[in-house]
Amino acid sequence: MTAAINSKLVKIQGANIHYLESGEQNTKSVLFLHGASFSSQTWKDIGTLKLLAEKGYRAVAVDVPGYGSSERISGSPGEFLLELIEVLKLNKPVLISPSMSGNYSLPFVVNHSEKLSGFVPVAPVGIMMFTQQLQGIQLPTLAIWGSNDTIVPVEIADELLKAMPNADKIVLPNAGHACYMRATDEFHQHLIKFCDRCSSQS
């Protein structure tokens, strides 16, 4: 049976926030953010939402405020994620955060890592701003980078690994900054494996 992908709106900080969702409500959840050139639709287009739902997860991809079909917010990015997770009743999701969405995920991980079961930073911006605050955070983390990333170099991933004792790194060969677009199958394999590990531990 093919998993349906539903388009929904939710009010966060007074703004209409758009998201796509697939999978059963009461299963382990995976929350996808996106980069500046993309939106929640990207995760539908490359088959990620369908794949995760078929593997038994509740997959949610949100248009971050001011992108896609979401309105802007006036509050802080980290608090936006906190409210989103609570309103959507996502029970300790694995958080996937590429590129620009590091502005949301990194402050959230610093302040609310206990709300997540895992973190997948995909060459997010802002790591160097948060390395001190990330020191010692035990959240299971899988940093995924493209070997040809010229925007956030692979060496930045090593700074994340130094700070977070439970972090691993995967480098996808011949892929650029949006490595999930070029090396989609490999990205999916590593993502599923990591999500399965997180769900078995939580």
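The values are calculated or read from the model by the stated rules, or taken from the named source; none is laboratory data. What you see is a predicted model; the values in this text were computed from it and never measured. Don't worry about glycine lacking a Cβ; one is built from the backbone with ideal geometry, like all the others, and counts go over all protein chains shown. Surface accessibility is based on the protein's heavy atoms, side chains included, excluding ligands, DNA and RNA. Shrake-Rupley method; radii C 1.70, N 1.55, O 1.52, S 1.80 Å.
What the table shows:
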read-out	value
Lone unmet requirement of (1) among the small types (G, A, S); (2) open to solvent by 20 Å² or more (accessible area, probe 1.4 Å); (3) at negative phi for G136	(3)
Neighbours by Cβ (under 8 Å, 6+ apart or cross-chain): first from the stretch 135-146, modelled with pLDDT of 95 or more; second among the aromatic types (F, W, Y) and outside any loop (DSSP other than H, G, I, E, B)	L139/F119; P140/F119; P140/F194; T141/F119; L142/F119; L142/F194; I144/Y180; I144/F187
Conditions (1) out of contact with any Gly (no Cβ under 7 Å at 6 or more places or on another chain); (2) more than 19 Å from D196 (Cα to Cα); (3) modelled with pLDDT under 95; (4) of a type outside the set (G, A, S); number of the one not met by V10	(3)
Hits in the stretch 114-133 (condition: outside any helix (DSSP H, G or I) and either modelled with pLDDT under 95 or among the aliphatic types (A, V, I, L, M) (or both))	L116, V120, V122, A123, V125
Residues that are open to solvent by 40 Å² or more (accessible area, probe 1.4 Å), of a type in the set (A, V, I, L, M, F, W, C) and not in a helix (DSSP H, G or I), drawn from the stretch 142-169	I151
Index of the failed condition, G66 passing every other in (1) surrounded by 22 or more Cβ atoms within 10 Å (Cβ to Cβ); (2) without any contact (Cβ under 8 Å) to a residue 12 or more places away in the chain	(1)
Members of the stretch 1-49 that are surrounded by 13 or more Cβ atoms within 10 Å (Cβ to Cβ) and at positive phi	Q13, G23, G47
Any hit, the stretch 63-73, residues being at negative phi and under 13 Å from the mean Cα position of the chain (by Cα)	yes
